[in-house]
Structure formats: structure tokens, C-alpha cells
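Working notes, beginning with the structure itself.
The values are calculated or read from the model by the stated rules, or taken from the named source; none is laboratory data. Every value quoted in this text rests on a predicted model; they were computed, and no experiment measured them. FYI the Cβ positions are ideal-geometry reconstructions off the backbone, even for glycines, and counts take in every protein chain you see.
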Amino acid sequence: MLRSRLQLREKLKEKLVELAARNAQLVLSQDKEKIKREEGRTIGAVKEIEQLLGMKDLNRMEAYDISNINGFETVGSMIVYEKGRPKRSDYRKFKLRTVSGPDDYASMHEVLTRRFTHGMQELEEKNMPQEVGSFTRFPDIIMMDGGRGQVNICLQVLEELGLDIPVCGMVKDDNHRTRGLYFHNVEIPIDRHGEGFKLITRIQDEAHRFAIEYHRSLRSKTQ
């Protein structure tokens with residue numbers, strides 16, 4: 001009688017161990033799948049963009065947006081993505097100083113000039129490497145929300161400051177949906193089902209959201 005009870009307990013322990021092992025394997029499999037999906041939407045998405053543009057080693061991407069209502073309290077936003085993920089600690093806001101009225105090109109020129117001038121000054125004054133600080137670290141590519149016009153404004157600023165940074169435009173159609181990338185004076189179509197397209201859309205939306213939130217906060221203070 002005692003022996004049968006002991007045998008039953010041993011079998012029960014064996015089953016519990018087997019069940020625990022199966023559960024652990026299931027959790028591990030789910031975690032691996034989750035990591036794989038996350039890498040696809042981040043690092044994998046960046047690689048798709050690299051292939052589209054014929055580039056390598058894209059890590060840091062910066063995007064900018066302008067927000068105003070009839071030129072009132074015009075502001076600019078700078079957002080940063082690294083390895084396909086937002087790096088919110090490096091986001092920056094700009095309240096326009098020299099532009100009056102709804103002039104997005106002039107506003108963008110001021111924002112970009114201030115951003116890169118600030119970074120160059122910090123690098124010179126502190127003699128620090130680019131890896132330190134949000135302004136002192138320059139992007140591997142600048143993603144402009146728009147086509148030829150916005151890209152040319154950015155290229156003009158970079159030329160004035162003596163900087164060589166690739167600039168890409170995120171082009172939208174008449175329905176305000178992303179349709180392609182503008183790079184080296186050519187519009188490149190993009191697969192709307194790919195992870196690269198989804199990342200570009202997230203970058204556009206995030207730059208817009210960050211600018212809108214800052215603009216709303218200034219309006220609230222003024223009111």
C-alpha cells in the first residue's frame with residue numbers, strides 16, 4: 001500500500017516536471033516570436049529603407065515638422081529614431097524667432113539652422129565626440145516630411161553650414177498618404193505592405209504629433 005502511494009507520487013512529480021518543461025518551452029517560443037516580430041518592425045524596417053536608398057549603416061534618423069495656425073505661435077519639432085525605435089530623450093522643440101506668418105519653408109530653414117549650428121558650437125566649445133548629447137550627435141540621414149521643396153530647404157541649410165548629411169523626403173499623395181521617398185532628385189516608390197513603409201509612416205506621425213502637442217501647449221499658456 002505504501003509502495004503504491006510512493007509510486008503514485010513519483011508519477012505525479014514526473015508529470016508536473018514534464019508540464020513545467022512544456023510550459024517553459026512554450027513561453028520561450030512565444031518570446032522568440034515576439035523578439036523576431038519586434039526586430040522585423042525596427043531593424044528589419046531600417047534595412048528595407050537602406051535597400052531602397054542604396055545606403056548602409058543607417059542608425060540615427062532625424063525628422064522635423066512645423067506647426068502653426070495662420071502663422072500664430074509657429075513651432076518646430078525634431079524627433080529621433082535609432083535602430084528603428086524612437087529615442088525620446090533626444091527630441092527637441094523649437095519656438096520660431098525670425099519668421100512671421102505661415103511660411104513653412106522659412107520656418108524649416110530656421111529650425112534646421114538652429115539645430116545644426118547649436119550642435120557644431122557644442123562640439124567646438126566642449127571638444128566632445130558626436131556620440132555625446134542630442135545636438136552634438138548628427139544623424140545618418142534626415143527624413144523630411146515632403147518632397148522636393150522640403151528636401152531642398154534642408155540641403156540649402158547643410159550647404160550653408162558646410163555639412164554633408166543625406167536628406168530624404170517622405171512624399172505623400174493628395175490624400176495625405178505616404179506614397180514614396182524622394183532621394184537624389186528621384187521619387188522612389190515603396191511597398192505599402194512592407195515594414196519600411198510602416199516605419200516611415202510612424203516617423204511622420206511622430207514628428208507631426210510632437211509639433212502639434214508643443215503648439216497646443218503654447219496656445220494654452222497664451223490663452
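Per-residue answers, yes or no, for (1) assigned to a helix (DSSP H, G or I); (2) surrounded by 10 or more Cβ atoms within 10 Å (Cβ to Cβ); (3) at pLDDT below 90; (4) touching a strand residue (DSSP E or B) at 6+ places or on another chain (Cβ under 9 Å):
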residue: Leu19; (1), (2), (3), (4): yes, yes, yes, no
residue: Asp31; (1), (2), (3), (4): yes, yes, yes, no
residue: Ile79; (1), (2), (3), (4): no, yes, no, yes
residue: Ser89; (1), (2), (3), (4): yes, no, no, yes
residue: Gly101; (1), (2), (3), (4): no, yes, yes, yes
residue: Leu112; (1), (2), (3), (4): yes, yes, no, yes
How about the stretch 157-187: which of its residues are closer than 20 Å to Tyr64 by Cβ and β-branched (Val, Ile, Thr)? Val157, Ile165, Val167, Val171, Thr178
Any residue in the stretch 100-113 that is free of Cβ contacts under 8 Å to residues at least 60 places away in the same chain sitting within a Cβ distance under 7 Å of a residue that is among the hydroxyl-bearing types (Ser, Thr, Tyr) and surrounded by fewer than 15 Cβ atoms within 10 Å (Cβ to Cβ)? List the pairs, counting only those 6 or more apart or interchain. Glu110/Thr98
Could you check Thr201 against (1) over 23 Å from Lys95 (Cα atoms); (2) of a type in the set (S, T, N, Q); (3) buried (at least 18 other Cβ atoms within 10 Å of the Cβ) and say which number it fails? (3)
